[in-house]
Amino acid sequence: MVDDHTLILNRDRRNYTGLGVARDGLLVANGQKWARNRRLLTPAFHFDILKPYTNVFNASADVLVAKLKSKAASNDRFDVFQNVDTNPYVKAVNRITDSLVQRFLYPYMLFDFIFYKTSVGRQFKKDCNFVHSVAEEIIHKRKNALDSGENVALEGKRYVDFLDILLTARDEEGVGLSSLEVRNEVDTFLFEEYQKRCQQEVDQVLEGRDSDFVEWSDMPKFEFLTQCIKEGMRLHGPVPIVNREVKEDFEIGGRNIPAGSIVQLNIWALHHKESVWGPDHMEFKPERFSPENVDKMSPFQFVPFSAGPRNCIGQHFAMNEEKSVLAKLLRNFTFRIDTSHVVKKNLSAVMRTVDGMFMYVEERKA
Ligand code: HEM
């Protein structure tokens with residue numbers, strides 16, 4: 001019996017990933033379940049659904065701008081990864097991913113009866129319960145609203161969001177997602193969303209813009225910003241490694257890989273491979289992603305969102321969010337890195353830092 005907090009290490013991709021947080025969400029589900037849920041969720045990422053999110057992106061960016069204004073006024077340095085967002089949900093998710101990494105590093109912790117006796121294990125359980133309760137409360141409220149005929153979302157009185165799609169989606173047999181399935185998907189999305197928000201490329205993508213509210217139609221106009229974001233994701237990929245379970249024997253580079261093996265795809269290493277990116281692969285050069293250069297690229301040389309059928313379902317959402325938040329930040333502020341602090345990478349489920357990445361922020365004069 002596998003409970004919500006169990007990490008089991010066998011050769012199954014889902015379990016190997018070991019995310020007790022959302023163990024059957026799209027990110028870690030398998031086979032038919034994955035195929036069905038991916039089909040049910042795909043409409044949630046249609047451009048028409050993503051479009052009204054510009055309001056959410058702008059409103060969230062305004063909150064961030066207000067927080068940074070106080071940092072600018074006091075001339076305090078701030079940690080890009082910690083200080084700005086002190087949301088307890090974000091903190092809990094960060095602790096959860098850190099403790100998963102610890103379990104891999106200290107194999108004795110893989111045994112549940114040991115793990116849950118340690119302080120890390122006890123905190124893990126507490127954090128899992130907390131993030132589940134947050135997700136459940138959100139689902140519960142929305143479900144009640146939808147059930148009580150208050151079908152506001154679907155009648156277009158406000159924007160339709162992921163949760164509306166999850167709660168109303170039906171497969172060919174008319175069967176919807178169960179409550180646990182919905183929660184697993186909500187956990188997965190919250191996790192992705194929060195974890196990846198403040199990635200390191202923020203400190204490199206410092207290009208200004210005039211308009212305050214970032215419109216959907218502005219997105220394709222941010223050509224250089226997009227190149228900077230992509231180069232940031234190449235240099236410091238938010239998801240450094242993905243794992244796959246091999247379904248059939250195959251051969252690669254003269255080696256036989258038997259079915260059942262777990263293959264780790266090191267995206268970070270691919271994005272730094274000298275034969276692909278050149279000897280200057282550690283340098284930040286957004287022009288690598290100019291249209292002429294992109295035309296010459298292999299479709300599998302730059303894969304921050306992975307590739308193939310299990311690629312990131314949220315990639316357009318993520319790119320648009322990054323563009324609009326960065327545009328607003330850059331319109332308001334000039335950022336300066338605290339070079340006295342050496343940034344060390346912390347390879348967690350997503351790339352973070354060991355002890356922060358510090359910046360100073362200054363308000364731009366109109
Ligand atoms: C910069 C931001 C993001 C990056 C770099 C990123 C990257 C990735 C990568 C590499 C995968 C493949 C993981 C694997 O195969 O193990 C993935 C899958 C996934 N991502 Fe993202 N992601 C981002 C943002 C988002 C957002 C904002 C959402 C949701 C709103 C999201 C939802 C998902 C889901 C549900 C999957 C699993 C898809 C499947 O297996 O069918 N991601 N992402």
Carbon and sulfur %, accessible surface of region 237-297 computed with the full protein complex present, 1.4 Å: 54
Rounded accessible area of Thr54 (nearest 10 Å², 1.4 Å probe): 10
Sequence-distant lysines (8 or more away, or on other chains) whose Cα lies within less than 29 Å of Lys125: Lys33, Lys91, Lys117, Lys141, Lys143, Lys196, Lys344, Lys345
Region 254-355: chymotrypsin sites (Phe, Trp or Tyr not before Pro) in DSSP coil with no more than 14 other Cβ atoms inside 10 Å: Phe300
Trypsin sites (Lys or Arg not before Pro) restricted to region 321-366 and DSSP loop, no more than 14 other C-beta within 10 Å: Lys344, Arg364, Lys365
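Keeping every protein chain present and rolling a 1.4 Å probe, give me the accessible area per residue for region 231-366 in Å². Please list the in-between numbers first.
On the way: 7270 Å² over 136 residues.
Solvent-accessible surface per residue comes out at 53 Å².
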Spin-label model distance (nm) - Phe213 vs Val342, 7 Å beyond Cα toward Cβ: 4.8
In nm, spacing of pseudo-spin labels at Arg364 and Asn30 (7 Å Cα→C-beta vector): 5.0
Shape of region 260-350, Cα gyration tensor, a/c cut at 1.5: rounded
Anchor Lys296: lysines whose Cα lies under 28 Å away (excluding residues fewer than 8 positions away in-chain): Lys221, Lys230, Lys273, Lys285, Lys323
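The values are calculated or read from the model by the stated rules, or taken from the named source; none is laboratory data. Since the model is a prediction, treat every value here as computed from it, not as a measurement. Backbone-built Cβ (ideal geometry, glycine too); neighbour counts: all protein chains shown. We work out accessible area using only protein heavy atoms, side chains counted, and drop any ligands, DNA or RNA first. Shrake-Rupley method; radii C 1.70, N 1.55, O 1.52, S 1.80 Å.
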